[in-house]
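Contents: one structure, followed by commentary.
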Amino acid sequence: MPLLIKGGRIITAQDDYEADIYCADELITAIGHDLDVPADTEVIDASGKYVFPGFIDPHVHIHLPFMGTFAKDTHSTASIAALYGGTTSYIEMVCPNRSEDTLEGYNLWKGMADGNSACDYTFHMAVSKFNDDTAAQLREIVADGITSFKVFLAYKGFFGVEDDELYETLKLAKELGVITTAHCENAELVAQLCDELLAAGKTGPEWHEPSRPTRVEAEGTGHFASFLELTGAAGYVVHLSCEAALKAAVDAKLRGVELYVESVIPHFCFDKTFAERPNFEGAKWIMSPPLREKSNQKALWDGLRMGLIDTVATDHCPFDIDQKAMGREAFTAIPNGIPAIGDRVNMLYTYGVSRGDLSLKRFVESASTKAAEIFGLTQKGRIAVGADADLVVFDPSYRGVVSMKDHHVNNDYCGFEGFEQDGKPTDVTVRGQVAIRDGVFVGDTSRGRLIRRTPAY
Ligand code: URP
Ligand code: ZN
Ligand code: ZN
């Protein structure tokens, strides 16, 4: 059924104006006033509301065997939670570990998502080793439309690559015209510091941050940038958490390295005192890179406003409290990750736009448009005739408090519990079909499609 979104204030990365949007056959087909539409058109009244392009989360984990357990979500639960929060496309990390086959990993992840997601998605392909088979397998995966790689400089011996493997990966990425995303922490320093802390009896979650201090991340970021510079490949730092790493990234940008920067909503909203909460409660907020000293949050907000940080993602990675308890005796065994897929847009709007100094356009750019541009999602992140009709009608007058009772992810706590929230999506569409109507999911968990991309670097 065709759809008309009427009377809203359209906000994109470039524009801010009032108009109606008409959608047919999955696309936006007209934008204007007094549009002539068929009698059977479904109408959403957006007066008094913003209309944003569907938001894109460029860093999520859904299927993830990690630290002796599995992240809790399914593609169905994660995509429903995403849509409630205004996210209409996500990029999942395909993460086979070093002992697993790259291509088999790709097919496993692809098969799990296929037919189970309520919104569109694509993947970053992790390269956790580089052996005789890897190049041919990666060529096949890129030919299937996956045009971004992922490397972990951390998680030594599991997901982490050695420097020679990093070099080979980036040379291949350059040749194939794909971008490489990277988790930037120096694995050796993390391993040494963890051993020293545990040997000194420092075993609680509050020691996670000291085991990977900001210098460890800055070193990893600079290290990745040096490899990019010397191979000529394009890169993207994921979940950058601190001022020191941002300086390393900006330094590389100034040298002409093609490097993009992502920070994630937990690092904007939580400082390290969350992970220091007593009686092991802090384990809920253990992720890597860790939550930082509060001063780093100002650097992230300033960097985002100024465009030094390109995108805001989630690094959504949910574990239950009893999974976190695997690390009661040693913080090194606490599964790393915080659920956030449904909270990103609302928290960024509340603390960036409504209560901060982030402009509406920059909000849209960093949470949608820029990710589409960097990762080649050419039909997404825009409100324009011919673009996919992924749209978010957003009520800025809503006031509420984040609560587990409104949550849709598949785990048993919410890190943002009790945070005040200004504004929320009321209606969300996926290629012209309404998936959230008046704040209720009415979509279809088999509608989501794999977005195949073409190399662009
Ligand atoms: O703590 C995190 N970030 N968990 C997910 C895996 C990763 O490093 O992205
Ligand atoms: Zn990571
Ligand atoms: Zn991640």
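Classification of the range 1-109 by its C-alpha gyration tensor yields a prolate form. The axis ratio a/c (a ≥ b ≥ c) is 1.5 or more, and a/b outweighs b/c. Straight-line cross-link reach from Lys49 at under 18 Å between alpha-carbon atoms covers these lysines, not counting any fewer than eight positions away in the same chain: Lys6, Lys361, Lys424.
Note on His33, His407: ascending count of other Cβ atoms within 10 Å places them as His33, His407, the fewest first. Equivalent ellipsoid of the chain: semi-axes from √(5λ) of the C-alpha gyration tensor, largest first, are 34, 25, 20 Å. Round to a whole angstrom and tell me the spacing of the C-alpha centers of the range 3-56 and the range 165-218. Here the two parts' Cα centres lie 44 Å apart. For the chain, the longest principal axis of the C-alpha atoms and the axis of helix 134-143 are separated by about 10°. In this structure, the amide hydrogen of Gln421, modeled 1.01 Å from its nitrogen in the peptide plane, lies closer than 5 angstrom to those of Gly400, Val401, Val402, counting only residues at least 5 positions away or on a different chain. In sequence order, the range 161-169 has phi-based couplings of 9, 7, 4, 5, 5, 4, 4, 4, 4 Hz under the Karplus curve 6.51 cos²θ - 1.76 cosθ + 1.60, θ = phi - 60°, and Gly or Pro positions carry x. Can you tell me the orientation of helix 75-84 relative to the chain, as the angle in degrees between its alpha-carbon axis and the longest Cα principal axis, to the nearest 10? Between the helix axis and the principal axis of the chain, the angle is about 60 degrees. For Tyr90, the residues 5 or more places off, or on other chains, whose built amide H falls under 5 Å of its own are Asp57, Tyr121, Thr122.
The angle between the Cα long axis of helix 102-113 and the main principal axis of the chain comes to about 40°, on a 0 to 90 degree scale. Around the amide H of Val43, modelled in the peptide plane, lie the amide H atoms of Leu4, all under 5 Å away and 5 or more residues distant in sequence or on another chain. Along the range 314-330 the Karplus relation, 6.51 cos²θ - 1.76 cosθ + 1.60 evaluated at θ = phi - 60°, assigns HN-Hα couplings of 10, 6, 3, 7, x, 10, 6, 4, 6, 6, 4, 5, 4, x, 4, 8, 7 Hz to successive residues, with x for each Gly and Pro. Phi-derived couplings, Karplus 6.51 cos²θ - 1.76 cosθ + 1.60 at θ = phi - 60°, listed residue by residue for the range 364-381: 5, 4, 6, 9, 8, 4, 5, 5, 4, 5, 5, 9, x, 8, 5, 8, 10, x Hz, with x used for Gly and Pro. Only aspartates and glutamates eight or more places from Lys405 in sequence, or on another chain, were considered; those with a Cα closer than 18 Å are Asp73, Asp320, Asp343, Glu417, Glu420, Asp422, Asp438.
DSSP finds beta bridges in the chain, and of those with both partners inside it, around 45 percent are antiparallel. Taking Lys and Arg as +1 and Asp and Glu as -1, the other residues whose beta-carbon sits under 12 Å from that of Thr273 total -2.
A short reminder: the numbers here are calculations on the coordinates, not readings from a lab. Quick caveat, the model's predicted, so the values are computed rather than measured. Virtual Cβ from ideal backbone geometry, glycine too; neighbours counted across all protein chains shown.
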